[in-house]
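The values are calculated or read from the model by the stated rules, or taken from the named source; none is laboratory data. Predicted model only: the values in this text are computed from it and were never measured. When we count neighbours, we look across all protein chains shown, and the Cβ atoms used for this are built from the backbone with ideal geometry, even at glycine. These area figures cover heavy atoms from the full protein model, side chains too; ligands, DNA and RNA do not enter into them. Shrake-Rupley method; radii C 1.70, N 1.55, O 1.52, S 1.80 Å.
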Amino acid sequence: GREILPSSPQYEEMTQLLTIAYQYYDAGLTKLKEGDKEASDLDFDNSESSLRQLLLVYPLHQEATLLNLRISKLRDHKQFEETFAQKIENARLMCKSNNNQTKMEGYANLQDYYELDPDYKNLKSILYQAEFDVGIRQRVDTSNITKAKNLYNEARSLFRSGQLEAANSKISQSLALNPDDTSAQNLSD
């Protein structure tokens, strides 16, 4: 539900709603830059109305969610900043849920927030931690790092001596113990 697939029966209607939302957003942005806040608010209202219709069908749709957030930020930057921290915290807590769907929704929200403001304080580290919480990343046991490094060294020696199958076996074992080891990933490639 983060994006609308062309094979979806609602594809045309949903993409049309998104297009209309962007048209109103662009018009509102132009009017806001010209200093006509009242007219820009009307355009932003229309944009949000189209986005609500889309989000009823695709509640996790990334583009619609981001556009909604951008509108909120433009309308009242101070209030947006106050609520943004709470939104991030709520999404972080969702990632710790026992319900997989809730976890993934929280992670999707964090990705949206990061897309909107990648420099927001601690957001990158919160997103990184969430990847562990939802199971995208696995924690590495420190004792396994030493074993993985030894297996990597053996694989590198075997590779240099032309024993590719044996090297591949050792490097696979190394990566199983420490999947974040870039040296092992490079040797595997």
- Which residues, taken from the range 27-71, are modelled with pLDDT of 90 or more and hydroxyl-bearing (Ser, Thr, Tyr)? Thr30, Ser40, Ser47, Ser49, Ser50
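Looking at Asp133, Asp117, Asp76, Asp112 in this structure, which one is touching a residue at least 40 places away in the same chain (Cβ under 8 Å) and of a type outside the set (Lys, Arg)? Walk me through how you get there before you give the answer.
On the way: Asp133 fails: touching a residue at least 40 places away in the same chain (Cβ under 8 Å); Asp117 fails: touching a residue at least 40 places away in the same chain (Cβ under 8 Å); Asp76 fails: touching a residue at least 40 places away in the same chain (Cβ under 8 Å).
Answer to the check: Asp112.
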- Take the range 21-61 and flag every residue that is closer than 14 Å to Ile4 by Cβ and open to solvent by less than 60 Å² (accessible area, probe 1.4 Å). Ala21, Ser50, Leu51, Leu54, Leu55, Tyr58, Leu60, His61
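Could you list all residues from the range 151-163 that are free of Cβ contacts under 8 Å to residues at least 12 places away in the same chain and part of a helix (DSSP H, G or I)?
Here is the first cut: in the range 151-163, the ones free of Cβ contacts under 8 Å to residues at least 12 places away in the same chain are 153, 157, 160-163.
Passing the criteria: Asn153, Ser157, Arg160.
Of the residues Lys124, Lys170, Lys147, which single one is of a type in the set (Lys, Arg), in a helix (DSSP H, G or I) and closer than 30 Å to Phe84 by Cα?
On the way: Lys170 fails: closer than 30 Å to Phe84 by Cα; Lys147 fails: closer than 30 Å to Phe84 by Cα.
Only one candidate passes the filter, namely Lys124.
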- Note on the structure: Apart from one, (1) open to solvent by 80 Å² or more (accessible area, probe 1.4 Å); (2) among the polar types (S, T, N, Q); (3) closer than 30 Å to Cys95 by Cβ all hold for Gln185; the odd one out is (1)
- Message: Checking Ala91 against (1) within 30 Å of Leu60 (Cα to Cα); (2) small (Gly, Ala, Ser); (3) open to solvent by 70 Å² or more (accessible area, probe 1.4 Å): exactly one of these is not met. Which one?
- Response: (3)
- With respect to Asn122, is the statement that it is within 26 Å of Ile71 (Cα to Cα), under 22 Å from the mean Cα position of the chain (by Cα) and not aromatic (Phe, Trp, Tyr) true? yes
- Task: Kindly indicate the residue of the range 130-181 that is open to solvent by less than 50 Å² (accessible area, probe 1.4 Å) and acidic (Asp, Glu) and also nearest to the chain's Cα centre (by Cα) among those meeting that condition.
- Result: Glu131
- Query: Considering the range 57-73 alone, what residues qualify as being among the hydroxyl-bearing types (Ser, Thr, Tyr) and more than 15 Å from Ala91 (Cβ to Cβ)?
  - Reply: Tyr58, Ser72
